[in-house]
Structure formats: structure tokens, C-alpha cells
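Colleague: Following this message is one structure expressed as C-alpha cells.
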Amino acid sequence: MEQPIKILIVEDNVIIADDMQSMLEEIGYEIVDNVIVYEQAVEVLKTQQVDLVLIDIILASDKTGIDLGKHIRENYDIPFIFVTSNSDRATVENAKTVKPNGYLVKPFEQQDLYTSIEIALSNFIYGKQNVAKGISTEDTNEDVPMSNSILKDSIFVKKQHLYYRIQFGDIQFIKADNVYLEVNTIDKKFLVRSPLKDYLEKLPQNKFYRAHKSYIVNVDHIDAINSKDIMINNTLIPISKDFKEFIISAMNS
């Protein structure tokens, strides 16, 4: 099933940290932990699944938020945002050395926090997609897409104002509908703006196949087959001649 984005808060002012957590949970994000020092953050990153980190630059430890940003850059492939009351040029220039995905100045409102997270995540996703295609983010002026991104054994899909993480194994089939794709899981549907061919490239090649010009299917979810169709979760899906031959060959091997 889909999972909300998991966020780690690193903030040494407990009142501000609790306020941030309340804002984020109200929007729909999941807070993995709320810690005050570098060492605690490092431990959470080592033991928990984290999708994005909010980091105060000045922490109640010898090591700063910038040190933590450097640690994340060197060890993890996740975005982080600096949250600070210091917006002077020296602090900003120092923060830029670890390439944060966002910079939010206190005090801020819930909408500011939400916007910063969405932009940071979108830019991060866009960068990963371009790297996968061998494109530098400096080589293009395209708008940042707000659709989806691969991360390990799952894919992010945007629905309303949140990104949801969907495990590859939970995707049953994908149907093309004009400029959109309908991503079907066991109990939900998500709309994604993407060509079917491009989306297929983002999925595990040993599980997902083009069954028809308008369908991608997860072969693990096929319940039945005849000469013209397969059935997945009581849905009949047309299949091409090539896919039929592939399935029959796989069944006989």
C-alpha cells in the first residue's frame, strides 16, 4: 500500500520542533523522529527509513546542521532542507557548500513549510530522473515535474498535495488513458502524467511487461489467461500476440 513521505526533524528548540511536527502531521506527512543533536540524527538515519530531513543549522551539539548535511550527502541519497533563523550571507554561503535541497528561514507558517518540502522533493526527483537519462540539470530549462520518482524498491506517485510511496509489488497494472496513466494497486488508483513507454523504464524489468499498447502488467498479479485476455483482480486486460506467446513460453519453461 502507499506510504506517506517519512520526515526526520533535527531541531534543538523543542517548542519549534513540536510545532513543526504538528504542522507536518496535519498536512499528512509521517514524522520518523524528532531529535535535537547530530549524533541522534545519524543514528536515526542508520536505523530508520527516511525520505527527507529538516535540519536546523545550529544544533545543541559540537557538530552543526551543516555537518549533518555533509554526512547525508556522503552516505544517503535523500533530500534535506535547512531550517534556520540565520539568513546572513556568511551562513547562507556556508550552507550552500553541502548543496541543501531547500532553505527555510524562521519564523514560518505551515504553508511555507509545505511549499519548501514539495519544491525540495520535486527538484530532487527531477535531478534523479535526469541523472538516470544522462542529462545534467543545468542543461535543461524544463519545468520541474510533479509526477513520480523511483526510490529503491518503490516509486513515488503524487496524489492531490502529497507524494505517496508505492511498493513495486503492490502495483497490479497500469493503463494508458490519453496523456495520463492510471496506476492500479490492490485498492487504489493514481493518475500520473507520463507516456507508457517512459513509465515502463522506471519499473523492474523482471516483473513488469507491456501486455498491450495501452497496458503494463505486473506478471505476479495475473490470476487467469485466455487467448485474448489476462485477468488481474477481476479486471480483464487485453493482450498482444507477442505477450501471449511470452506468457505461454514462461508457463511452459
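What follows is calculated from the coordinates using simple rules that are stated; it is not laboratory data. For clarity, every value in this text was computed on a predicted model and none was experimentally measured. As a convention, Cβ positions derive from the backbone with ideal geometry for all residues, glycine included, and neighbour counts pool all protein chains shown.
Colleague: Could you tell me the convex hull volume per residue, in Å³, taken over the Cα atoms of the chain?
Modeller: Here the figure is 146 Å³ per residue.
Colleague: Test of understanding: in a Gaussian network model of the chain with alpha carbons linked when under 10 Å, which of 100, 79, 195 would top the mean-square fluctuation ranking?
Modeller: In the Gaussian network model the winner is 195.
Colleague: Let me ask something else about it. Given the options 171, 15, 31, state which has the largest fluctuation in a GNM of the chain using a 10 Å cut-off (strictly under) for Cα springs.
Modeller: Highest fluctuation among the options: 15.
Colleague: Whose amide H sits under 5 Å from the amide H of residue 31, counting only residues 5 or more places off or on another chain, with H placed in the peptide plane?
Modeller: For residue 31, the qualifying residues are 7.
Colleague: Normalized C-alpha radius of gyration of region 158-253, against 2.2 N^0.38 Å?
Modeller: Details: Rg = 13.3 Å, N = 96, 2.2 N^0.38 = 12.5 Å.
Normalised Cα radius of gyration, region 158-253: 1.06.
Colleague: On to the next question. In Å and on Cα atoms, what radius of gyration and Dmax does region 4-93 show?
Modeller: Cα radius of gyration and Dmax of region 4-93 are 12.4, 35 Å respectively.
Colleague: Calculated from DSSP H runs of 4 or more alone, at -39500 (n - 2.57) each and per residue, what is the 222 nm mean residue ellipticity of the chain, nearest 500?
Modeller: Calculated at 222 nm, the ellipticity per residue is -10000 deg cm²/dmol.
Colleague: Name the GluC sites (Glu not before Pro) in region 16-72 that are in a loop by DSSP and that have at most 16 other C-beta atoms within 10 Å, would you?
Modeller: none
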